[in-house]
1. Could you list, ordered by first residue, the pairs with Cβ atoms under 8 Å in which the first is in the stretch 659-685 and more than 16 Å from ARG462 (Cβ to Cβ) and the second is of a type in the set (Val, Ile, Thr), at least 6 apart or interchain?
2. Spot the failing condition for THR559; the list is (1) surrounded by fewer than 21 Cβ atoms within 10 Å (Cβ to Cβ); (2) part of a loop (DSSP other than H, G, I, E, B); (3) among the polar types (S, T, N, Q), and only one is missed.
3. For the stretch 447-486, give me each residue that is part of a loop (DSSP other than H, G, I, E, B), touching a residue at least 60 places away in the same chain (Cβ under 8 Å) and closer than 30 Å to HIS653 by Cβ.
4. Assuming THR478 fulfils every condition listed in (1) closer than 19 Å to VAL526 by Cα; (2) within 16 Å of the ligand (Cβ to nearest atom); (3) at pLDDT 90 or above; (4) crowded, with 23+ Cβ neighbours inside 10 Å apart from one, which condition is it?
5. Kindly state which helices (runs of 4 or more DSSP H) lie completely within the stretch 73-137 and contain at least 1 residues that are farther than 26 Å from VAL54 by Cα.
6. Would you call ILE155 touching a strand residue (DSSP E or B) at 6+ places or on another chain (Cβ under 9 Å) and modelled with pLDDT under 95?
7. Give ALA578, ALA510 a once-over and let me know the one that is modelled with pLDDT under 95 and out of contact with any Lys or Arg (no Cβ under 7 Å at 6 or more places or on another chain).
8. For residues that are outside any loop (DSSP other than H, G, I, E, B) and within 15 Å of the ligand (Cβ to nearest atom), scanning just the stretch 574-598, find the one that is farthest from the chain's Cα centre (by Cα).
Amino acid sequence: MKEIISISLGSSDRDYEFETEFLGQDFYIRRIGADGNLEKAAAMLAEWDKDADVMGLGHIKFPYEIGADRGKQKHAQKLEKLASRIRTPVVTGESLRKVGYEWSLRHIQFKFGGNYFNNARVLFLSGMTNYSMAKNMSEYTENLTFADPVLKNGISKFLNSLKELERYGGGIHEVLQWVPSKRFSSSVVPLKAWNEYIIRKAMQKANVIVVPYYGFYDYLEKCTLEELGGKIIITATAYDDRIQFLKERGVNVVIDSTPKILERVVAVNVLEALIIAALGKPPEEVTDDDLLEVVSEQRMDPRVVYPSGDPKRVNRFAFVIHPLSQEHLKKEKSVDFLSKVTPPGFLDAVEKVVAYSPPWIYSKVTGIKSPTGVETEGWLISVGGTPKQMLSHDPQFTYDRLLQAAKMAKRLGAQIMGLGAFTKVVGDAGVTVAKLADIPITTGNSYSASGALWAAADAVRRMGLVKVEKKKRLNAKTMVVGATGAIGSVCSRLLPYAFEEVYMVGRNMAKLLALKASILEETPDVKIHLSTRADKYLPDMDVIVTATSGAGKAILDITKVKPGCVITDVARPLDLSAEDVAKRPDVLVIESGEIELPGNPEMKNIGLPQKVVYACLAETIVLALEGRFETFTIGRDIEWKKVRDIYKMGLKHGMKLAAISGVNGVFTDEDIAKVKALALEAREKAKEAA
Ligand SMILES: NC(=O)c1ccc[n+]([C@@H]2O[C@H](COP(=O)([O-])OP(=O)(O)OC[C@H]3O[C@@H](n4cnc5c(N)ncnc54)[C@H](OP(=O)(O)O)[C@@H]3O)[C@@H](O)[C@H]2O)c1
């Protein structure tokens, strides 16, 4: 049986001994603490020299990974010097620790879908100690913050990139001009109130916090739920007391970068000694690659601990919104007040000025939880332009603002960004923005199309005027207004699966003819009619979907519509005004298919009932929950497969069709019964008159 003896400068209260098997060999492992007494540790090294196969040195602070002054502690240097004089190979665990960093990050990124750390905001409490991990992490995210100047030098400044950390480590970063002799402290310096405050804020903003093993409690002792709640903590050798400490502060996930070689948690020097002893080679002949090979071949996965007991994952999204009209702008209190006391042209001026303003965060969104257990949080970022303003400028004007919003979203840690309402109507419907932005973009149009038809189907079923037979197309007529648009064309493509006759209305006959030809390839037996004017066929339609970007212009004459018709108004601003709708109480006008979110979402009012959001926002949320951080829907040719995929993913993550609503709010069964009764009455009257 081989013997591994670990001499630790730490407390003897933690001493242990046990036997185990590793790589087909038997081992006796013993840890002996010297309670910080260097002489005692030295004596023990000499004492065990004759018996141990490999010895480990524990609880010494590893030197910094970069910089000329690598902050090695004096007692550690002395101990290592002593160790070099004895016969038995001695290791500190430093090599395995570095290998463990790389292995744990890569392994976890791969295990959780290849995007676990994508664009995460990562705070390193000591970049100098965890430089190699920071280097690995920089492959997944640019959102890196290093607290070294604050915690090592007491300077109120963070480093925000690997390059800055390297300059700091090399003693040439400008923050060091405040430090006499440019020395780095080898432990956490006492924090002044302001530094304490900025550290707390940085922790609150981070998604991931990397905490060195050595000095763990010094770094975290003042932290509460506010700083650590919901975070991912990466650390090394997380003993039970540390896990308990993090659990009490609401940490979601603890990633222990020390490979899990044994059932119990032991220090990294013990593990390295074990591997060296098992390989039977002198330590100087064992390379990092040898260690990595053993770790990966033996599947020594990093330990992932969920302190609450349940697996937790929180993904992040951003979504761009904009004021729909001057009326929305007036909801801003200061604008509302001024609009009352200033001349009539004032709001026009405000609308123009606000259109130029940089994007701002309108609301943080929290509390969305899929039945799969995955959660997501995000930010609604507002750009200033109303549809009128966006249409009156070159598309580049809107692209520029959307790219600014994408930059902001990236800084916030979002992993995907959705484009709301008019921001994707302008120009090429997200193509340019997706090409130039640094994070994946989606317009949300696949789910908007799906939601519109989902709502229309629900409304038709509840009205009960069209006979619905299982597995048969409806013997009814449907019309799409704005048929050649992004949403309109998907609706035109989907409706032939459910209706025998489809009427497509657009402003451009050539586009309509091309669309018809491609639809007939998929569904050859549907009757398709084309028109550049909606009015001509309105009296015959049972279901109408209107999805134009007419920005509030009169699009269809509701007085000509058949009694009992169901109209789904997808457009924002709506194609049918409240006054229009009031003219026909015998027609059911619904405001497209909004989606009800799972969990207990919290966000500022977006003009919809609690938990309910626009389908395009819901698409962004579904993709975040699914971890599909890819450009999903862009351009005007929406793929039918994507519409189906997002619908299915939505169901998986607990999305529901929201209660169907109209200009006056949610339709109750009584409201619908009233519309139906009026429709039947009107049809009867029409029959009598004929
Ligand atoms: N409810 C939601 O969740 C949701 C989600 C996304 C979008 N939207 C809204 O849905 C609407 C359509 O979006 P989209 O992305 O499909 O836009 P789009 O690709 O630009 O398509 C708009 C369509 O409207 C037609 N159109 C424009 N002005 C018109 C006018 N004055 N009269 C008649 N037709 C007109 C266009 O015809 P041409 O082809 O002839 O130009 C085009 O076919 C927009 O109002 C948007 O804000 C709602």
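The values are calculated or read from the model by the stated rules, or taken from the named source; none is laboratory data. Because the structure is predicted, anything quoted here is derived from the model rather than measured. All Cβ positions, even for glycine, are placed from backbone atoms using ideal geometry, and neighbour counts span all protein chains on display.
1. Taking only residues 6 or more apart or on different chains, the pairs are VAL663/VAL581; VAL663/VAL589.
2. The single condition THR559 does not satisfy is (2).
3. GLY482, GLY485
4. (2)
5. Working: elements: 74-85, 94-111, 131-137.
Of the helices (runs of 4 or more DSSP H) lying wholly inside the stretch 73-137, those with at least 1 residues that are farther than 26 Å from VAL54 by Cα span 94-111, 131-137.
6. So ILE155 fails the test.
7. ALA578
8. Filtering the stretch 574-598 for residues outside any loop (DSSP other than H, G, I, E, B) gives 578-583, 588-590, 595-596.
Narrowing further to those that are within 15 Å of the ligand (Cβ to nearest atom): 580, 589-590, 595-596.
On the way: ASP580: 40, VAL589: 35, ILE590: 31, ILE595: 19, GLU596: 19 Å.
The qualifying residue farthest from the chain's Cα centre (by Cα) is ASP580.
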